[in-house]
Amino acid sequence: MDEVQLEYQRRYGGEGDATVLDRIEFEPPNGVFAVLYDGDGATPLGTGAWRAQEGGEVGLADGDAELKRMYTREAARGRGLARRMLRWLEEDARRAGRRRMVLETGDQQPEAIALYLSEGYAPIVKFGYYREYDSSICLGKAL
């Protein structure tokens with residue numbers, strides 16, 4: 001997580017992502033936090049998570065799953081790992097009864113935006129901590 005925060009600092013300045021996260025939000029069946037390891041099982045290559053969201057906030061609906069902390073280490077990029085992680089997280093959220101995957105990303109992450117658009121995500125009403133920022137981009141996809 002330190003690496004992803006450094007990546008956000010590099011791309012956006014400041015202290016990184018200030019979104020409040022509580023690890024309990026990622027405990028099944030209301031979420032999951034996954035780590036992708038290299039074949040040796042000892043070297044983490046990337047992360048991804050989802051947490052259940054309900055319609056209490058602008059832009060969110062009952063049955064939503066919010067994608068969080070998608071990250072691939074620089075040395076492991078270009079191998080399709082983020083796409084594999086995304087698809088695995090979508091299936092996990094679907095099995096947990098979630099109906100839509102939503103996410104917030106920023107305009108300084110073109111690789112992430114390209115991945116999400118290529119996987120069928122489309123713009124949705126902005127939600128979350130950064131919804132008032134012009135650089136914020138919110139996407140969603142029916143599961």
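Before moving on, here are some points about what is shown:
- Some residue of the stretch 69-90 being in a helix (DSSP H, G or I) and in contact with a Lys or Arg (Cβ under 8 Å, 6 or more places away or on another chain): yes
- Against the conditions (1) out of contact with any Pro (no Cβ under 9 Å at 6 or more places or on another chain); (2) at pLDDT 95 or above; (3) under 14 Å from GLY31 (Cβ atoms), ALA52 satisfies every one except (1).
- Residue match in the stretch 44-54 (condition: farther than 22 Å from LEU117 by Cα and assigned to a loop (DSSP other than H, G, I, E, B)): yes
- Per-region count, the stretch 41-92, residues of a type in the set (Phe, Trp, Tyr) and buried (at least 17 other Cβ atoms within 10 Å of the Cβ): 2
- Residues located in the stretch 91-143, provided they are of a type in the set (S, T, N, Q) and closer than 18 Å to ARG11 by Cα: THR105, GLN108, GLN109, SER135, SER136
- Only listed residue being assigned to a loop (DSSP other than H, G, I, E, B), more than 25 Å from ASP134 (Cβ to Cβ) and not small (Gly, Ala, Ser), chosen from ASP62, ASP17: ASP62
- Just one of the listed residues (GLU119, GLU111, GLU90) is over 16 Å from ALA142 (Cβ atoms) and among the charged types (D, E, K, R), namely GLU111.
- Residue list for the stretch 20-43, restricted to those being assigned to a strand (DSSP E or B) and either on the phi > 0 side of the Ramachandran plot or hydrophobic (A, V, I, L, M, F, W, C) (or both): GLY31, VAL32, PHE33, ALA34, VAL35, LEU36
- The set of residues from the stretch 12-21 being surrounded by 14 or more Cβ atoms within 10 Å (Cβ to Cβ) and either farther than 15 Å from THR47 by Cβ or of a type outside the set (A, V, I, L, M) (or both) comprises TYR12, GLY16, ASP17.
The values are calculated or read from the model by the stated rules, or taken from the named source; none is laboratory data. Bear in mind the structure is a predicted one, so any value in this text is a computation, not a measurement. Here the Cβ is made from the backbone with ideal geometry for all residues, glycine too, and neighbour counts use every protein chain on show.
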